[in-house]
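Structure first, then comments.
The values are calculated or read from the model by the stated rules, or taken from the named source; none is laboratory data. In this text, all values refer to a predicted model and were calculated from it rather than measured experimentally. Cβ placement follows ideal geometry from the backbone for every residue including glycine, while neighbour counts extend to all protein chains displayed.
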Amino acid sequence: MADTRSIIPGLDVIVLAEGPRTNDGVPLSAVTVDGEPLINLTLAEIAMTTGLQQVTVVTAGGIALSPGTQITADPGDGGGPVSAIAAGVRTLWHQAASATAVVRGWAPDTGQLLSDLWAELDDGVDVAVAVDDDGNRVPLAAVWTTVSLWKVFEFMSGVPDPDPGCLFDGLTVACIDGNGLTGSYETEQALAALGEIGRA
């Protein structure tokens, strides 16, 4: 996808803003907790990662983001999260960092895992992924070597509506315990545990 000579040390992060919605059609990432949109809480956690380079939020628009946030337009082509991730990769590759993370904009705790995931990218590991409390890999809580992620998308070209799990195909994968931090808040009821819920 890009000349690897463009890579610099560090971590880039792709944040997916589109996903589960409330009963009235609002993306959960846009729901406020104590007055702050959930996606901005997610971005605040990500910002604490040492070695962070670029962050881009893939969104269809209409979500109140922190000033200065880099935005990638969600392609809205029916390709689901994999299509959105590909759009984020295209945004970042001109000044790509050596590692690229993907997280959900409605899962703020995942940001706390990025350093540990990134640290696993040694000794031939292509991607590190968090494992949830049920022992399942969480593709939207993972860090790839950027070159590996590029290669995956090259091989996937033309595959319709792929599952995010295919982003591990052909790669050496390391799994780490998510320690209860992989959960995304799929309902407003779950969000209520974080604080007062509202709309931006």
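Key figures
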| read-out | value |
| --- | --- |
| Restricting segment 28-55 to residues that are among the polar types (S, T, N, Q) and part of a strand (DSSP E or B), the residue that is nearest to the chain's Cα centre (by Cα) | 54 |
| Contacts under 9 angstrom Cβ, first residue in segment 141-158 being closer than 15 Å to residue 173 by Cα, partner among the polar types (S, T, N, Q) and at pLDDT below 90, 6 or more apart | 141/182; 141/184; 146/4; 147/4 |
| Identity of the residue in segment 102-140, of a type in the set (Gly, Ala, Ser), in contact (Cβ under 8 Å) with a residue 60 or more places away in the chain and part of a helix (DSSP H, G or I), that ends up nearest to residue 182 (Cα to Cα) | 111 |
| Residue check for residue 58: in contact (Cβ under 8 Å) with a residue 40 or more places away in the chain and either out of contact with any Pro (no Cβ under 8 Å at 6 or more places or on another chain) or in a loop (DSSP other than H, G, I, E, B) (or both) | yes |
| In segment 75-126, residue nearest to residue 186 (Cα to Cα) [restricted to those that are polar (S, T, N, Q) and touching a Leu at 6+ places or on another chain (Cβ under 7 Å)] | 110 |
| Conditions (1) in contact with a strand residue (DSSP E or B) (Cβ under 9 Å, 6 or more places away or on another chain); (2) surrounded by 13 or more Cβ atoms within 10 Å (Cβ to Cβ); (3) modelled with pLDDT under 90; (4) of a type outside the set (Phe, Trp, Tyr); number of the one not met by residue 61 | (2) |
